[in-house]
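The values are calculated or read from the model by the stated rules, or taken from the named source; none is laboratory data. No experiment lies behind these values; they were computed from the predicted model shown. Virtual Cβ from ideal backbone geometry, glycine too; neighbours counted across all protein chains shown. Remember, those area values only see protein heavy atoms, side chains included, never the ligands or the DNA or RNA. Shrake-Rupley method; radii C 1.70, N 1.55, O 1.52, S 1.80 Å.
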Amino acid sequence: MSVVPATTDPEQVTSIVTPMRRPGARRRWFRDTGWRHLVMLAACVFALFPVAWVVSASINPSASLAAQRFIPAQPTLVHFRTILSGDTIPYLRWFGNTVQIAGIVAFGQVLISALAAYAFSRLRFRGRRVGLMTILLVQIFPQFLAMVAIFLLMVDLGELFPGIGIGTKAGLILVYLGGSLGVNTWLIKGFFDTIPSELDEAAKVDGATDWQVFARVILPLATPVLAVIAVLSFTLMVNEFVLASILLQDTRDFTLAIGLQRFIDARYGARWGPFAAGALLGGVPVVVLFLSLQRFIVSGLTAGSVKG
């Protein structure tokens, strides 16, 4: 049995290792592993190309869609100044409406889903299993089936309580919160099931109530999954368009999704640059929230699937 001598000389290392390589090693590596890298690279290019195109359009001096170039000859920030000035559209107000609505809804959905998940995970009551299955089955039906009913309900509600009726941000928030149960409850319940019930019993021995157990024992341990739900809910609300376009009527109450769509609808080809700049800035809150909670993302997404 031959022993390879230890050496630190690169030339000697190359001369020793190269003869040991078997023929066809590169082909076998590509067949076993290399093609996976190519698929990953293609997926990354496919996912990042639209983002790169929007960034390119936002700094392209021409606002026309027909004159767009992927690599602008003279990058400029004129489109950002156009939308932020407020002369063309109330962009900053739309931006504030979006962050306000998405933030309130994300917080409310996390709270409601966590309360429901705690009840289904820790409490034992009649109809528990039926309730879980009902929440899951309701999510099967598409949201479009309830559009007319929601619109008529908000019209009638506005006659009794104008502050939460049709055309108000409060009414839109209530509609969003009404659909907060479902997948979020199942995900959080799966995480709660992984928390030992002995902690609840120890807290109750010390005199804690169910609410104190929930608030002081369960919630601190469930921070990862709550952060995931918050990010997902916030992102969904920022991008939501259908319900907001039906329930919001005043231009000053529009979210970014509605406002930018109305802005570009009349002159699609001539306002592509400002539209791209507005869309790019609209993604900043989501990116900031994601980066702030990124350490919880992986553990929160995986832990909820351990038990169900």
Q. What is the calculated FRET efficiency for R27 to Q212, with r their C-beta to C-beta distance and R₀ = 45 Å, to the nearest 0.05?
A. 0.10
Q. With θ set to phi - 60° and the Karplus curve 6.51 cos²θ - 1.76 cosθ + 1.60, what are the ³J(HN,Hα) couplings of the stretch 81-87 in order, to the nearest whole Hz, using x for Gly and Pro?
A. 5, 5, 7, 7, 5, x, 6
Q: State the percentage of accessible surface on the chain attributable to carbon and sulfur atoms; use a 1.4 Å probe and exclude ligands, DNA and RNA.
A: 68
Q: List every DSSP H helix in the chain whose Cα atoms extend 30 Å or more along the helix's own long axis and whose mean Kyte-Doolittle hydropathy is at least 0.0.
A: 35-58, 91-122
Q.
So with the 1.4 Å probe, I'd like the accessible area per residue for the chain, rounded to whole Å².
A. 61
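Nothing charged except the Cβ atoms of Lys and Arg (+1) and of Asp and Glu (-1): what's the magnitude of the dipole of the chain about its Cα centre? Round to the nearest 20 debye.
On the way: 25 positive and 16 negative charges, 196 e Å.
Value, rounded to 20: 940 debye.
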Q | Cα→Cβ-extended label distance, 7 Å offset, between F107 and V183, nm | A | 2.5
Q) What is the distance, in nm, between label points placed 7 Å from the Cα along the Cα-to-Cβ direction at L145 and at N239? A) 2.3
Q) Sorted by average packing, counted as other Cβ atoms within 10 angstrom per residue and highest first, what order do 252-260, 285-293 take? A) 252-260, 285-293
Q.
In the chain, if the dipole is taken from +1 on Lys/Arg beta carbons and -1 on Asp/Glu beta carbons about the Cα centre, which of L281, T82, I140 is farthest to the positive end?
A. I140
Q) Given P196, V39, V238, which one lies farthest toward the positive end of the charge dipole of the chain, if we put +1 on the Cβ of every Lys and Arg and -1 on the Cβ of every Asp and Glu? A) V39
Q: Report the net charge of residues surrounding I101, where surrounding means a beta-carbon distance below 10 angstrom and charges are Lys +1, Arg +1, Asp -1, Glu -1.
A: -1
